[in-house]
Amino acid sequence: MTARIGVVTFPGSLDDRDTQRAIRLAGAEPVALWHKDKDLKQVDAVVLPGGFSYGDYLRAGAISRFSPVMETVIEQAKSGMPVLGICNGFQILTEAHLLPGGMLGNDHLHFICRDQKLRVENAETSWTADYESGQEIHIPLKNMDGRYVADERTLDMLEAEGRVAFRYVDFNPNGSLRDIAGITNEAGNVVGLMPHPEHAVEPLIGSGRTDGLPFFTSILKKLVNA
């Protein structure tokens, strides 16, 4: 039976179709989910894609966090359903308190778009198992509000519990504290990151690399072997 992975579309989502394509390339079935619909259509996992949901008004992800679909996503995530938040999706996950900390504007106050080197810090989550700990990868990055922040106690907790999933290497593009590019929850089923793995799944488009494809093969293997 083919694994079904839902991709939520919010008003202002930009990368939902790209994410669906990445899921299909990995061998799973992408399922389109609408922000106003609480029904997750019996999917096995959910991706909150990148974009500028609700125009980033109030604060990036702050309005989307209250979309009807998020009520079900939060409930299912707390019950163990794998959830991945990419860029704006990561912002939504912090606003929903599924992941700690928050996102602020880039320290240089400009939108940034570049191929970004990352180091995989945790290869044991539902979304990173096809990587190796310490592996360096290149993933496209594009954001305006990508600066990850948290208080020192939270940062120390994330470090001590191995919950920093990805870290920026060579260059911190937005001023994120401790070079954090992505984190996971304690159970490892919820992961958020600012770079866009869905733009690095085919050699002919995007970055020209396939460094992002293991996100989607990781979750497929997790679901198939569950």
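The values are calculated or read from the model by the stated rules, or taken from the named source; none is laboratory data. Remember, predicted model here, so these are calculated numbers, not experimental data. Methodologically, a virtual Cβ is constructed for each residue, glycine included, from the backbone with ideal geometry; neighbour enumeration extends over all protein chains shown. To get the accessible areas, we keep the full protein, side chains included, count just its heavy atoms, and leave off ligands, DNA and RNA. Shrake-Rupley method; radii C 1.70, N 1.55, O 1.52, S 1.80 Å.
Of the residues that sit in segment 179-199 and are of a type in the set (A, V, I, L, M) and buried (at least 24 other Cβ atoms within 10 Å of the Cβ), which one is farthest from Thr154 (Cα to Cα)? Working first, answer last.
Start the filter on segment 179-199 by keeping residues that are of a type in the set (A, V, I, L, M), which leaves 180-181, 183, 187, 190-191, 193-194.
Filter once more, so that each one left must be buried (at least 24 other Cβ atoms within 10 Å of the Cβ): 180-181, 183, 190-191, 193-194.
Details: Ile180: 13, Ala181: 15, Ile183: 12, Val190: 17, Val191: 16, Leu193: 17, Met194: 19 Å.
If we take residues in segment 179-199 being of a type in the set (A, V, I, L, M) and buried (at least 24 other Cβ atoms within 10 Å of the Cβ), then Met194 is farthest from Thr154 (Cα to Cα).
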Open item on the list: Against the conditions (1) without any contact (Cβ under 8 Å) to a residue 40 or more places away in the chain; (2) assigned to a loop (DSSP other than H, G, I, E, B); (3) under 22 Å from Val149 (Cα atoms), where does Arg65 fall short? Just the number, please.
Closed with: (2)
- [ ] Can you work out which of the residues in segment 181-203 that are closer than 14 Å to Leu93 by Cβ and of a type in the set (Val, Ile, Thr) is nearest to the chain's Cα centre (by Cα)?
- [x] Val191
Open item on the list: Given the criteria modelled with pLDDT under 95 and either in contact with an Asp or Glu (Cβ under 8 Å, 6 or more places away or on another chain) or assigned to a loop (DSSP other than H, G, I, E, B) (or both), does Gly80 qualify?
Closed with: no
- [ ] Being assigned to a strand (DSSP E or B) and open to solvent by less than 50 Å² (accessible area, probe 1.4 Å) is the filter here, so list the residues in segment 1-23 that pass it.
- [x] Ile5, Gly6, Val7, Val8, Thr9, Ser13
TODO: Can you work out which of the residues in segment 81-119 that are touching a helix residue (DSSP H, G or I) at 6+ places or on another chain (Cβ under 6 Å) and under 15 Å from Pro195 (Cβ atoms) is most open to solvent (accessible area, probe 1.4 Å)?
DONE: Met103
Open item on the list: With the requirement that a residue be over 17 Å from His196 (Cβ atoms) and surrounded by 22 or more Cβ atoms within 10 Å (Cβ to Cβ), what does segment 123-157 give you?
Closed with: Thr125, Ser126
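One line per residue, one yes/no per condition, for (1) at pLDDT 95 or above; (2) open to solvent by 10 Å² or more (accessible area, probe 1.4 Å); (3) touching a helix residue (DSSP H, G or I) at 6+ places or on another chain (Cβ under 9 Å):
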site: Leu25; (1), (2), (3): yes, yes, yes
site: Tyr54; (1), (2), (3): no, yes, yes
site: Met70; (1), (2), (3): yes, no, yes
site: Gln76; (1), (2), (3): yes, yes, no
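Just to check your reading of the model, which residue among Lys36, Lys41 is modelled with pLDDT of 95 or more, at positive phi and in a loop (DSSP other than H, G, I, E, B)? First the steps, then the outcome.
Values: Lys36 fails: at positive phi.
After applying the criteria, what remains is Lys41.
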Open item on the list: I need the full set of residues from segment 200-213 which are in contact with a Ser or Thr (Cβ under 7 Å, 6 or more places away or on another chain), at pLDDT 95 or above and open to solvent by 10 Å² or more (accessible area, probe 1.4 Å), in order please.
Closed with: Val201
